[in-house]
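The values are calculated or read from the model by the stated rules, or taken from the named source; none is laboratory data. Note that the structure is predicted; figures quoted are calculated from it, not measured. Don't worry about glycine lacking a Cβ; one is built from the backbone with ideal geometry, like all the others, and counts go over all protein chains shown.
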């Protein structure tokens, strides 16, 4: 009897291994000779764009079948146009990936205009790290602290209402009382940087990792000053308050957590709904392998990007939690950021 049981278990293991191998072969056969397009919804030169191109260069060698990859910018509505396209019109076969604006699940949660996707049905692949959001001001603003923003008008440039570039200064304005005027419609962060240098706006929201990666000279010279941030304590931002420290009530802090929830997603890579499960698994495995690859890590370090990956399965839960936010909080957040 024991011998029969061992034989049965061995046969089951062989069948499972054969099926797994067949699925891997099917994924490799699909991707072989194809091109995977990695979309980004903002203009060239900012953190999202740089990360998109970095991942497009390195993920291909980890995908079964070794497809070619190309990065492509699809501008509009602060990244929402690209996400709507990928969800509704893009191929649902795993050949299109997108680096999603991380505030879009919150936009869906509050019922924002223009949302034509269900973030819970996107297949989240991975993110190289979570982020810390900052509000930083150019030297020409003559404002050096968040407290000064209570009495001096500060002009902030943003991409659009669909992401945290708008949500962060909007929360400072509505929950903290800062005298902020928001100017929306810039194609991307790099365009706002130029507007800061020209004196059109005083500052912008950006991640702390992006400032360190894209503008280290500005930080070293003191031309750029971070006056508030949101995220875990940062040893290299001594004395700078978090947004949750600036607002006054627990309800306000809950709104901050909802609006800034995208920071947990970092700069998230996803593919559309209804992609075959074996290809989603292969893309997630490819991402996980990429962020351990020595060549990728070397280039990421050269670009000053931290690598502390958020896996696709964890991102799926983060999105589900955002969409499950109680309605009273969603209703309070909507007029602030929509």
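Is there a residue in the stretch 90-101 that is more than 17 Å from residue 315 (Cβ to Cβ), outside any loop (DSSP other than H, G, I, E, B), in contact (Cβ under 8 Å) with a residue 12 or more places away in the chain and touching a strand residue (DSSP E or B) at 6+ places or on another chain (Cβ under 6 Å)? Checked against the condition, which is being more than 17 Å from residue 315 (Cβ to Cβ), outside any loop (DSSP other than H, G, I, E, B), in contact (Cβ under 8 Å) with a residue 12 or more places away in the chain and touching a strand residue (DSSP E or B) at 6+ places or on another chain (Cβ under 6 Å), the stretch 90-101 yields at least one hit.
Quick one: would you say residue 214 is modelled with pLDDT under 95 and in contact with a strand residue (DSSP E or B) (Cβ under 9 Å, 6 or more places away or on another chain)? Judged against the criteria, residue 214 is a match.
To keep it simple, each residue is scored yes or no on (1) assigned to a helix (DSSP H, G or I); (2) surrounded by fewer than 17 Cβ atoms within 10 Å (Cβ to Cβ); (3) not assigned by TED's automatic domain parsing to the domain that holds residue 174.
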{"position": "287", "(1), (2), (3)": "yes, no, yes"}
{"position": "295", "(1), (2), (3)": "yes, yes, yes"}
{"position": "305", "(1), (2), (3)": "no, no, yes"}
{"position": "308", "(1), (2), (3)": "no, yes, yes"}
{"position": "328", "(1), (2), (3)": "yes, yes, yes"}
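A single member of 90, 94, 98, 103 is modelled with pLDDT of 95 or more, under 13 Å from the mean Cα position of the chain (by Cα) and either crowded, with 20+ Cβ neighbours inside 10 Å or more than 24 Å from residue 27 (Cα to Cα) (or both), and it is 98. So, residue 130, is that one assigned to a loop (DSSP other than H, G, I, E, B), more than 17 Å from the chain's Cα centre (by Cα) and surrounded by 15 or more Cβ atoms within 10 Å (Cβ to Cβ) or not? In short, no. Within this structure, residue 60 passes the test of being under 22 Å from residue 35 (Cα atoms), more than 16 Å from the chain's Cα centre (by Cα) and at pLDDT below 95. Taking the criterion of being touching a helix residue (DSSP H, G or I) at 6+ places or on another chain (Cβ under 6 Å), assigned to a loop (DSSP other than H, G, I, E, B) and touching a residue at least 60 places away in the same chain (Cβ under 8 Å), the residues of the stretch 62-78 that qualify are 63, 64.
Each row is one residue, and each column tells you yes or no for (1) out of contact with any helix residue (DSSP H, G or I) (no Cβ under 6 Å at 6 or more places or on another chain); (2) closer than 21 Å to residue 61 by Cα.
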residue	(1), (2)
255	no, no
258	no, no
263	yes, no
280	yes, yes
285	yes, yes
291	yes, yes
306	no, no
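The set of residues in the stretch 317-326 being in a helix (DSSP H, G or I) and crowded, with 16+ Cβ neighbours inside 10 Å consists of 318, 319, 322. Considering the stretch 241-272 alone, what residues qualify as being in a loop (DSSP other than H, G, I, E, B) and surrounded by 20 or more Cβ atoms within 10 Å (Cβ to Cβ)? Hits for the stretch 241-272 are 247, 260, 265, 266, 267, 268, 272.
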